[in-house]
Amino acid sequence: MPDQNTDPADDPMGTEVHSAFATPTPNLASMESEQLVEREQLEPEDPEDKDNLEDRDDRQRERARSLWQDAWRDLRGNWIFWVSSLVIVFLVIVAIWPGLFTSTSPLACNLSNSLQGSSSAHPFGTDNQGCDIYSRTLHGARASITVGFFATIGSVLVGAVLGGLAGFFGGWWDAILSRITDIFFGIPLLLGAMVFLTAIDSHSVWIVVAFLVILGWPQIARIARGSVITAKQQDYVTAARALGAGNSRLMLRHILPNAVAPIIVVGTIALGSYISLEATLSFLGVGLAPPTVSWGIDLSNAVQVFRNAPGTLFYPAAALSITVLAFIMLGDAVREALDPKLR
Amino acid sequence: MGRYVIRRLLQMIPVFIGTTFLIFYMVYALGDPVNAMFAGKAVDPAVAAQIRHQLWLDRPLWEQYLHYMGNIFQGNFGTAYNGEEVTTLMGTAFPNTLKLTTVAFSIECVLGILLGVFSGLKRGRFVDTLVLILTLLVISIPVFVIGLVAQYFIAVKWHIVDPSVAYGSPWQDLILPGAVLASVSLAYVARLTRTSVAENVRADYVRTAVAKGLPRRRVVTNHLLRNSLIPVVTFLGTDLGALMGGALVTERIFNIQGVGYYLYQGILQQNSPTVVGFVTILVIVYLVANLLVDLLYAVLDPRIRYA
């Protein structure tokens, strides 16, 4: 039979122990969670441990850990978490104190040095205007990370509050909010960006942040609404309500801690995509504008010259991709740790 | 089913009005189109007033909006400020973008689902890891960088295709731009399919199908895939609208005179009939695609029934 000549590891119905947890309903939010499945610990970690498995279980039961303690225990052992966190910490340091790593000003440009290859004075070479690419790449971290960070905080706050309230109270408020999020989903993102940002003369970081918050919060609101509705139906909420807990206590003490996990995960991943979006907006000529130094501006300047000087495109693109990658992987790791189905 | 469709269509109305009004308002906020028409040159106030009156620009915003929408439902999308009918512009722009989107969407569906199924079935193996790493890389690089680099290597350096798309957008020219446009969505489709397949591979119905002695191909296509495709179809549906709007960047890199090109021009010239007209069509496409997706659920999964 064709099914039986494959080796057991390949066979889905093989000897593997099956998870005790029901298969979760697949949805859009599980997009980044593909590694979840195989991370499940279906066998005891240590063969020697098999004998005292029950002892260990008893020891673990002595002290009930919260979801967050559990998550932290999980994260501590995950190298992806550590690598991406280290990269992010490094990036934040570069964003705050770029002067630590270079003494060259990103705006000290000399046209006679235009498009030079790497040298001891300019390790990454120079761009079209004769600016030092190494220095511009380091200084560009600030604008890009500021945009990503504050756009995420803003859209998470607005989205979580509005979506969470809609999920909690339901009714007409929920209906209106759902239609409003539909409206924002209907506008193609780049198109809205073109119109909105052309209408505004200023091209500061905060304008771009404001725009990303305006178009970004509906996504978070949908997820917040969904997870609050799920949390609201749990028995512990009914129990707390039966004990006389008020709405604000229910929301803050019982629903928030249990509904916040997916929002954090989506927020981390959104942060990466906002940084990428900022670059695309600069490419279209509506994002940040000089003298701000950002990876997006450098990339859009490189468009004309990168065929002769690949470094102009490569270094800012690499910095941007590493940043986005770090945030996506951090989001993945946190998602894995927070998903109780996987323990 | 019929009642469900009607309810969904009714729900679309406020969304349609809201989205178009929002865009209408944003274009209105771009500034006075009369100034843009004369490219900043001094205009005779009487002439300016005359033009404003003709274009309904001297009325309140809501009146302008109602007037505009009333015309749209009679098939009149108005005239761009350079005298061309917006419907004529659409006639040249939409076929190009539609072709590009079709190419991108086909690549996305076929390649994305194939890669996803393949790596989902072989999870933990080399192929799987490779697909995961590659898709993560594609997601982390902005599309325009992918586009520029692909254009440089494939078209300029190796001469495999032309770097720019010829007039009329022949299909063979659109393969590279289509692949670039599809790249990020393809990565998402592959990952989504993989997750879904990897979850469902352990489901009882797959075990049953295998136990019945069905050939592996039939288990995968009829039992596993059909059940795994629901989240993928959701994503594909919302992505269709995003692809048409997101073609802006790809069209610019590969010099395709599609929707993105005309919209870009329209925004720069503050040409509200063009911008709002094109966006209206895009919004309708998006809404209809979402409705179709929801109806497709019932086809894919007979357990889902609409009352």
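All but one of (1) out of contact with any Gly (no Cβ under 6 Å at 6 or more places or on another chain); (2) hydrophobic (A, V, I, L, M, F, W, C); (3) assigned to a helix (DSSP H, G or I); (4) closer than 25 Å to B:Ala242 by Cβ hold for B:Val220; state the number of the condition that does not hold.
(4) is the only condition that B:Val220 fails.
Tally time: how many residues in the stretch B:107-137 are touching a residue at least 12 places away in the same chain (Cβ under 8 Å) and either farther than 25 Å from A:Ser84 by Cα or facing chain A (nearest Cβ under 10 Å) (or both)?
Adding up the residues that qualify gives 19.
Return yes when B:Leu66 is within 14 Å of chain A (Cβ to nearest Cβ) and open to solvent by 70 Å² or more (accessible area, probe 1.4 Å) and no when it is not.
no
Given the structure, is B:Leu214 modelled with pLDDT of 85 or more and crowded, with 19+ Cβ neighbours inside 10 Å?
no
What pairs come up if the first residue lies in the stretch B:40-60 and is open to solvent by less than 60 Å² (accessible area, probe 1.4 Å), the second is at pLDDT 70 or above and of a type in the set (D, E, K, R), and their beta carbons are under 8 Å apart, counting only those six or more places apart or on different chains?
B:Ala49/B:Asp58
Name the one entry in A:Thr323, A:Thr312 that is over 30 Å from A:Ser227 (Cβ atoms), of a type in the set (Val, Ile, Thr) and in contact with a helix residue (DSSP H, G or I) (Cβ under 7 Å, 6 or more places away or on another chain).
A:Thr312
Does B:Tyr286 count as at the interface with chain A (Cβ under 9 Å from one of its Cβ atoms), in contact with a helix residue (DSSP H, G or I) (Cβ under 6 Å, 6 or more places away or on another chain) and among the aromatic types (Phe, Trp, Tyr)?
yes
Here are B:Gly213, B:Gly237: which of them is on the phi > 0 side of the Ramachandran plot and either touching a Pro at 6+ places or on another chain (Cβ under 8 Å) or not acidic (Asp, Glu) (or both)?
B:Gly213
In this structure, does B:Val184 turn out to be surrounded by fewer than 18 Cβ atoms within 10 Å (Cβ to Cβ) and closer than 23 Å to B:Gln257 by Cα?
Considered against the rule, which asks whether it is surrounded by fewer than 18 Cβ atoms within 10 Å (Cβ to Cβ) and closer than 23 Å to B:Gln257 by Cα, B:Val184 comes out as no.
Need at least 2 residues that are within 14 Å of chain B (Cβ to nearest Cβ), of a type outside the set (Ser, Thr, Tyr) and within 30 Å of B:Ile267 (Cα to Cα) per element, so show me which helices (runs of 4 or more DSSP H) inside the stretch A:141-257 make the cut, counting only ones lying wholly within it.
A:171-186, A:189-199, A:205-232
Please enumerate the residues belonging to the stretch A:287-302 that are open to solvent by less than 10 Å² (accessible area, probe 1.4 Å) and within 11 Å of chain B (Cβ to nearest Cβ).
The answer is A:Trp295, A:Gly296, A:Leu299, A:Ala302.
Tell me whether the stretch B:149-168 contains one or more residues that are more than 10 Å from chain A (Cβ to nearest Cβ), under 19 Å from B:Ala247 (Cβ atoms), within 19 Å of the chain's Cα centre (by Cα) and open to solvent by less than 20 Å² (accessible area, probe 1.4 Å).
Checked the stretch B:149-168: no residue is more than 10 Å from chain A (Cβ to nearest Cβ), under 19 Å from B:Ala247 (Cβ atoms), within 19 Å of the chain's Cα centre (by Cα) and open to solvent by less than 20 Å² (accessible area, probe 1.4 Å).
Condition first: over 30 Å from A:Thr312 (Cβ atoms), under 20 Å from the mean Cα position of the chain (by Cα) and surrounded by fewer than 18 Cβ atoms within 10 Å (Cβ to Cβ). Can you find one or more residues in the stretch A:169-179 that meet it?
no
The values are calculated or read from the model by the stated rules, or taken from the named source; none is laboratory data. Computed from a prediction, not measured in an experiment: that's the story for all the values here. Glycine gets a Cβ as well: all are built from the backbone with ideal geometry, and neighbour counts include every protein chain shown. Keep in mind that these areas ignore ligands, DNA and RNA; they rest on the heavy atoms of the full protein, side chains included. Shrake-Rupley method; radii C 1.70, N 1.55, O 1.52, S 1.80 Å.
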